[in-house]
Amino acid sequence: MSGVPQRTLLLWCPDWPVLAAEIVDGVPATDPVVVLHANRVVACSERARAEGIRRGLRRREAQGRCPHLTVVDHDPGRDARAFEPVVAAVEEVVAGVEVIRPGACATAARGPSRYLGGEEAAAERIVEHVAQSCAVESQVGIADGVFAAGLAAREGRIVAPGGTREFLAARPVEALGRPALADLLRRLGVRTLGDFAALPAGDVLARFGFDGALAHRLAGGRDDRPLAVRQPPADLIVTADYDEPVDRVDAAAFAARTLAELLHERLAGYGLACTRLGIEAVTAHGQELHRVWRHDGLLTAAAIADRVRWQLDGWLTGSNGRGGTRPARPTAGIVRLRLVPDGVLAQAGLQPGLWGETGAERERAHRALSRVQGILGPEAVVTAVLGGGRSPADQVRLVPWGDERVPARPGPPPLPPAGAAPGAASAPVVVPPGGRAGRRAGRGRAMAEPPWPGRIPPPSPAVVLPAPLAADVRDAAGEPVVVSARLAVSAAPARLTVGDGRPAEITGWAGPWPVDERWWAPAEARRRARFQVCLADGAALLLAVEGGQWLVEAIYD
């Protein structure tokens, strides 16, 4: 908790729920209007107060005092949406604003008062700017701490530095905003905040609990926490417009380097590093192009320039590599180029590698893979991501290099191999156009046990077949091996035939491991049993039987 309260400027908009109803729903705030929550009045307009309506009245009593009353339901979402333009208007004058609740926001008073020529001048400037920008009346209070500034704002008062305790002392205990505590304090003879603050803190904690201790701090002019201000986001996007459309690769390379250096300088000015870069281009005919590049380490100015150049080269040449189809080139040259740092973090927050920052070898590998991706397309270089699932095929998902490595199914991620740097990524797989990656990632890795009942026991297979192969399993007498609904195996498997191949002798087997998935959805239900078998030639296979059909799912080393 903060020991010395911060000098705080708080802006308060009276009867904000009523004003929000006028802004959003068009309910005239000049009429007698009340906002109800749980059948009680939580806010009312000035004309409603003139009719004798106060907060806390029941709906029937309020309508009895004013028969032509307009009733509006309490809607916190509406209040927050309507208050956002007010906060934005305040941020145009001062930086670092915390929204206390819809209708009230606070900021540190030191900066605006020094910049605008004093606390009174700052308060007048903010109130005037909000009135001109949003057509909303507001009041400003300045005191030591958010709680005291909120009470001062209701009077439009500036409490002198060091005078907050005296300002609060004469306030009734109801000002704490805790009706139950205020009622108890009055029955105990404590009627003002000064009387409450004079009580020993230890006795207050023992009698009223933690919430009472927080209220005791507020009554003594001490805040329970410092301001958590909202900083306006920095504009990190860099844009370049070209009078002559860029339609050549060499001109695009020059434009990329200039814009990359500008982006790197802007990020460095804020102490940030880019890990995910968005490249956007607009052609002379209005065609919009967009691509996102991701990098595990620091994107230096040269790395940014390389990625922009590669992307522009791919767009302008329309090349998709050997044997692939060529995407349509833009119908005109590029007239606008924008670099958007889609993912940024503080430079001090990057995890160094085991042999230094990122290592020259690792950087060269990143550059080479990104280059291949720029030539062959984003789907040509993929990373295998391990996740949850009961079958080996379910546990692996191939994602393009640079994309978020999120598993397809929930499950604990694999541990990095021994000797790897913290945060080491999975090895990328280069997939030629039209090719497929069938090798399972994570081979030789220690893996936490996912919470998937029916999952096959370790070790995991080395090769997962893209499509299971049909097989035939027979016993020693040559009869087909059948697995019943109760998982009873008709006989010990003795011979295996895969497709049209020759029969192979089974020297050992284990199983079955049953799986009954999504039984609640008949269209997606799947029931099968798995076996591990060893063959006479030393091969080991993962078999599955489903609907009476044997299948080869994976191969062990």
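The values are calculated or read from the model by the stated rules, or taken from the named source; none is laboratory data. Keep in mind that what you see is a predicted model, and the values were worked out from it rather than measured. Glycine gets a Cβ as well: all are built from the backbone with ideal geometry, and neighbour counts include every protein chain shown. SASA here: full protein model, heavy atoms, side chains in, ligands and nucleic acids out. Shrake-Rupley method; radii C 1.70, N 1.55, O 1.52, S 1.80 Å.
Some values worked out for this structure:
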read-out	value
From ARG362, ARG397, residue being at pLDDT below 75, among the charged types (D, E, K, R) and over 21 Å from ARG291 (Cβ atoms)	ARG362
The range 67-82 - residue that is farther than 12 Å from VAL18 by Cα and not basic (Lys, Arg) and, of those, farthest from the chain's Cα centre (by Cα)	PRO67
Residue ranges of strands (runs of 3 or more DSSP E) in the range 30-136 with at least 2 members over 23 Å from ARG157 (Cα atoms)	33-37, 40-44, 70-73
Number of the condition not met by THR275 [criteria: (1) surrounded by 16 or more Cβ atoms within 10 Å (Cβ to Cβ); (2) at pLDDT 80 or above; (3) part of a strand (DSSP E or B)]	(2)
VAL463 vs. criteria within 29 Å of the chain's Cα centre (by Cα) and modelled with pLDDT of 70 or more	no
Residue, modelled with the lowest pLDDT, within the range 487-516, restricted to residues that are of a type in the set (Gly, Ala, Ser) and farther than 16 Å from VAL545 by Cα	GLY501
Members of the range 1-57 that are of a type in the set (A, V, I, L, M), open to solvent by less than 30 Å² (accessible area, probe 1.4 Å) and in contact with a Leu (Cβ under 8 Å, 6 or more places away or on another chain)	ALA29, VAL33, VAL34, VAL41, ALA48, ILE53
Any hit, the range 107-119, residues being open to solvent by less than 60 Å² (accessible area, probe 1.4 Å) and closer than 19 Å to ASP15 by Cα	no
Residue list for the range 242-266, restricted to those being among the hydrophobic types (A, V, I, L, M, F, W, C) and either at pLDDT 85 or above or farther than 20 Å from LEU337 by Cα (or both)	LEU259, ALA260, LEU262, LEU263
Total residues in the range 328-342, condition assigned to a strand (DSSP E or B) and more than 24 Å from the chain's Cα centre (by Cα)	4
Failed criterion for GLU84 (all others in (1) among the charged types (D, E, K, R); (2) closer than 22 Å to LEU227 by Cβ; (3) open to solvent by less than 80 Å² (accessible area, probe 1.4 Å) hold)	(3)
Near pairs, Cβ below 6 angstrom, 6+ apart or cross-chain, from the range 81-94 (over 20 Å from ALA108 (Cα atoms)) to any residue that is surrounded by fewer than 18 Cβ atoms within 10 Å (Cβ to Cβ)	ALA82/VAL24
Residue match in the range 216-232 (condition: surrounded by fewer than 14 Cβ atoms within 10 Å (Cβ to Cβ), more than 23 Å from PRO17 (Cα to Cα) and in contact with a helix residue (DSSP H, G or I) (Cβ under 8 Å, 6 or more places away or on another chain))	yes
Members of the range 164-173 that are free of Cβ contacts under 8 Å to residues at least 60 places away in the same chain and open to solvent by less than 20 Å² (accessible area, probe 1.4 Å)	PHE167, LEU168, VAL173
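For (1) modelled with pLDDT of 90 or more; (2) farther than 23 Å from CYS274 by Cα, each residue gets a yes or a no:
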| site | (1), (2) |
| --- | --- |
| ALA206 | yes, yes |
| ALA215 | yes, yes |
| ALA219 | yes, yes |
| ARG225 | no, yes |
| PRO232 | no, no |
| LEU236 | no, no |
| ALA240 | no, no |
